[in-house]
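A.B. asks: Before I ask anything, here is the structure I am working with.
FYI, it's all coordinate maths here, none of it is from the lab. No experiment lies behind these values; they were computed from the predicted model shown. Note that we place each Cβ from the backbone using ideal geometry, even for glycine, and neighbour counts take in every protein chain shown.
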Amino acid sequence: MTPPETHLIGSSANGDMSPAVSSCVGLTVLTQRRDFQRAARAKRVAMPGFVLQMLKRPEADDAGIRVGYTCSKKVGNAVARNRAKRRLREVARAVLTAQGQMNHDYVLIGRKSATAALPFDRLLADMEKALNILHGKQQ
């Protein structure tokens, strides 16, 4: 016997089908250690909730925006680190898809007791400010 709400699974309030997994259009996730190491030697800006590193890749590389997330054990146990990374993923999805530049790598580093504790709108504002600083639009 199936519950009566089964036909509503995967649909939004207006009846459209929503994907099971949110897709970040234009964002590719960094997985290779060497990519994180290259970004660590590039430009960076520290904000209250995170540190953002940015590396411009050569034009010969495949076009697109790549993003990586990392949190050390200083952030807390696995639950705290995963929560911080989830928040960083949402910040990147919301801001980098609109303001990120092609052929750039971005690495977001979570901060101890700040990434998970700051209000989400503050993280969004900090991300926009950090991108403006790194792209040279604001000093």
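A.B. asks: Calculate the translational D of region 25-134 in whole µm² s⁻¹ from Stokes-Einstein, where the hydrodynamic radius comes from the Kirkwood formula applied to all Cα pairs, the temperature is 37 °C and the viscosity 0.692 mPa s.
C.D. replies: In µm²/s, the coefficient rounds to 238.
A.B. asks: Hey, another quick one. How long is the gain from K112 to A46 if the chain were fully straight, where each residue apart is worth 0.36 nm and the alpha carbon distance is subtracted?
C.D. replies: 22.5 nm
A.B. asks: I'd like to compare 29-40, 86-97: which one has the highest average count of other Cβ atoms within 10 Å, and what's the full order after that?
C.D. replies: Descending packing order for the listed peptides: 86-97, 29-40.
A.B. asks: List residues of region 23-53, by number, whose backbone nitrogen lies under 15 Å from a label position 7 Å along Cα→C-beta of Q101.
C.D. replies: Label zone hits: 42-45, 53.
A.B. asks: Please compute the contact order of region 25-134 in relative form: average sequence separation of alpha-carbon pairs under 8 Å and at least six residues apart, divided by the residue count, as a percent.
C.D. replies: 37 percent.
A.B. asks: Cross-link candidates for K73: which lysines have Cα within less than 19 Å, leaving aside residues fewer than 8 places away along the same chain?
C.D. replies: K85, K112
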